[in-house]
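Read through the structure below, which is laid out as structure tokens, and then see the notes.
The values are calculated or read from the model by the stated rules, or taken from the named source; none is laboratory data. The structure presented is a predicted model; accordingly, all values stated were derived computationally and were not measured. Neighbour counts are summed over all protein chains in view; Cβ atoms, including those assigned to glycine, are modelled from backbone coordinates with ideal geometry.
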């Protein structure tokens, strides 16, 4: 234990030295107060150390994943049987070939004693071999006759070795089985004679390999058959139990297949099934399984979905709909096009207590529900999950209509400076649903993101905000400079023509670029730093103000932030909310304000709801504020009334006209 602790200390010290070296190679920062300089230095060092550790972890994880996948392929699809026995002779693990050699499904071979597969005449020899193996651990190779589950037998070469337990791994006996009935044994040797080889579809097969391939694959479509599909399903169930990620089984039944067989003959039906198999393989992801059960029934197994049930359901629905779309395209048969479709039932799972038979039954029941609903449908087994997916589909359709039907609205929340002047507003999206009432972005933005609707919605918000800003600039006093802040989503920012679109909106609306602030989440900019800084630089050349939203909640790289042409950083409301509650958050806010001073940009606090929060922020140098303390989000005409009242009060009080904006920036 002391050695491990010492090793950690050495690694930690090495990282610190490397981080110090990296930091020393960066340009010197402008001088600050000693306390601020020390905090900034430690933040830089911690950031660099975290980045270095993350790089090492990612490399190690990629190497381990590659090695694991390589091992699994070698183990699962080897042309020999591999078994692991406990020291008492119980089968604890077996690959696909090993289970096939014994005439069992893999799950049925587990926990059985291996001696029950040894023919009676070789039983005593096996017992002595096993006992000697436990004692001396040497590699032993023997030939003996093994009995399958159906009581047929086959000669086998059995290679076995005892492995003592290491660490948490228990001791075990490893077996390798080779079926000698497929080849001829050279007398006095334990190697198979060379088998005739041939090449089919780029794969080399020996006679025994071809037999195994036929045993696990459907002869018509070459997809995995029921036997291999069940084994893959057991593997998916084990994976789901271990990773807690959902998997799904899709039961697919072709609509009106019997009609084709009866009217055009079985040859045409076989051709259709082969085309269906090709389309299934093209529609599923790499690593998923597409299998044929028989007749016109197929199964697809989806692994490694999300840990969240709603996200997993949406992923499975998307793949199911992709399959349904592929299968309803015309099929070229005998010089003419034949139309077909499929009904698809989906069953999600990550419960270790489920069985393969239960999952297939659930997906089959859901498939019949899809047929009852009019065929060419995707239906989930779980009624609650089906309801969730249906609600999501409805929300997506309603959201698409909302843009055309003018149900989306822009609301405006005031932003004030240190003197209490309303200097601008943040544009906030709302959805006035005809039945559900006012809906906030949290209830629909995720659907908009996943369906690609977030980009056109973001463009609509920008166009609406600019048009409204131009109307205010034309109607209100020219002495009053007024700003609007608009949020830009990560997906919108990633669009290759984003800068060009912003420029076109500015030209069309006629607003001054300096009266508009675009806000970005820091990760949206830093995800592709070179592209992000190029776009921000181009926007800055247009004369716009730029801000980073939710500052203090991400993992910002200060060295990268200093390279961005920013005007403002916004302190997230989650930190502001804890002023007077959590001292550490107050300290973070003070440090963030010091950082903004060091970077030479303005700082704005959002989510200010109490006078105590306002006073604390003002005392520590915050330049601007936004929150319910200063006003709720309002429709355009309501906000204009608020603005006019505010200016009249200031004029009556003898306050100077709001003829300029504090440091030139206004944001949300």
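Things to note:
- Total residues in segment 289-313 satisfying the condition of being part of a loop (DSSP other than H, G, I, E, B), in contact with a strand residue (DSSP E or B) (Cβ under 8 Å, 6 or more places away or on another chain) and on the phi < 0 side of the Ramachandran plot: the figure is 3.
- Residue list for segment 254-267, restricted to those being surrounded by fewer than 17 Cβ atoms within 10 Å (Cβ to Cβ) and in contact (Cβ under 8 Å) with a residue 40 or more places away in the chain: 256, 264
- Any hit, segment 580-595, residues being within 14 Å of residue 520 (Cα to Cα) and without any contact (Cβ under 8 Å) to a residue 40 or more places away in the chain: no
- Sole residue being assigned to a strand (DSSP E or B) and either touching a strand residue (DSSP E or B) at 6+ places or on another chain (Cβ under 9 Å) or under 28 Å from residue 308 (Cβ atoms) (or both), chosen from 394, 427: 427
- Residues being more than 21 Å from residue 452 (Cβ to Cβ) and exposed (fewer than 12 other Cβ atoms within 10 Å of the Cβ) - total across segment 396-435: 3
- Filtered by the rule that a residue be surrounded by fewer than 23 Cβ atoms within 10 Å (Cβ to Cβ), touching a strand residue (DSSP E or B) at 6+ places or on another chain (Cβ under 7 Å) and more than 19 Å from residue 310 (Cβ to Cβ), segment 339-365 gives 340, 341, 360, 364, 365.
- Segment 648-668: number of residues that are surrounded by 15 or more Cβ atoms within 10 Å (Cβ to Cβ) and either more than 27 Å from residue 573 (Cα to Cα) or at pLDDT 90 or above (or both): 1
- When residues of segment 366-391 are limited to those that are part of a loop (DSSP other than H, G, I, E, B) and free of Cβ contacts under 8 Å to residues at least 40 places away in the same chain, the one surrounded by the most Cβ atoms within 10 Å (Cβ to Cβ): 381
- Segment 602-621, subset assigned to a loop (DSSP other than H, G, I, E, B) and in contact with a helix residue (DSSP H, G or I) (Cβ under 6 Å, 6 or more places away or on another chain), residue surrounded by the fewest Cβ atoms within 10 Å (Cβ to Cβ): 621
- Scan of segment 238-253 for residues that are more than 21 Å from residue 310 (Cβ to Cβ) and touching a residue at least 24 places away in the same chain (Cβ under 8 Å), ordered by number: 251, 252, 253
- Against the test of being in contact (Cβ under 8 Å) with a residue 24 or more places away in the chain, more than 26 Å from residue 41 (Cβ to Cβ) and in the same structural domain as residue 484 (by TED's automatic domain parsing), the options 526, 617, 546 yield a single qualifying residue, 546.
- From 326, 363, residue being assigned to a helix (DSSP H, G or I), at pLDDT 90 or above and either closer than 16 Å to residue 236 by Cα or outside the structural domain of residue 226 (by TED's automatic domain parsing) (or both): 363
- Annotation note: of 599, 575, 635, 643, the sole residue that is surrounded by 19 or more Cβ atoms within 10 Å (Cβ to Cβ) and touching a residue at least 24 places away in the same chain (Cβ under 8 Å) is 643.
- Whichever residue in segment 537-576 is more than 25 Å from residue 514 (Cβ to Cβ) and part of a helix (DSSP H, G or I) and, among such residues, is modelled with the highest pLDDT: 576
- Test: residue in segment 63-82 that is under 47 Å from the mean Cα position of the chain (by Cα) and at pLDDT 85 or above: yes
Per-residue answers, yes or no, for (1) buried (at least 19 other Cβ atoms within 10 Å of the Cβ); (2) at pLDDT below 90; (3) closer than 25 Å to residue 320 by Cβ; (4) assigned by TED's automatic domain parsing to the domain that holds residue 142:
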{"residue": "191", "(1), (2), (3), (4)": "no, yes, no, no"}
{"residue": "206", "(1), (2), (3), (4)": "no, yes, no, yes"}
{"residue": "241", "(1), (2), (3), (4)": "no, yes, yes, no"}
{"residue": "245", "(1), (2), (3), (4)": "no, no, yes, no"}
{"residue": "248", "(1), (2), (3), (4)": "yes, no, yes, no"}
{"residue": "289", "(1), (2), (3), (4)": "yes, no, yes, no"}
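- The residue of segment 137-164 that is nearest to residue 86 (Cα to Cα), among those that are in contact with a strand residue (DSSP E or B) (Cβ under 8 Å, 6 or more places away or on another chain) and not in a strand (DSSP E or B), is 137.
- All of (1) without any contact (Cβ under 8 Å) to a residue 12 or more places away in the chain; (2) in a helix (DSSP H, G or I); (3) under 30 Å from residue 457 (Cα atoms) hold for residue 406 with one exception: (2).
- The condition (being farther than 22 Å from residue 627 by Cα and modelled with pLDDT of 90 or more) is satisfied by just one residue among 452, 437, 424: 437.
- Flag for residue 534 being modelled with pLDDT of 90 or more, out of contact with any helix residue (DSSP H, G or I) (no Cβ under 6 Å at 6 or more places or on another chain), surrounded by 17 or more Cβ atoms within 10 Å (Cβ to Cβ) and under 30 Å from residue 504 (Cβ atoms): no
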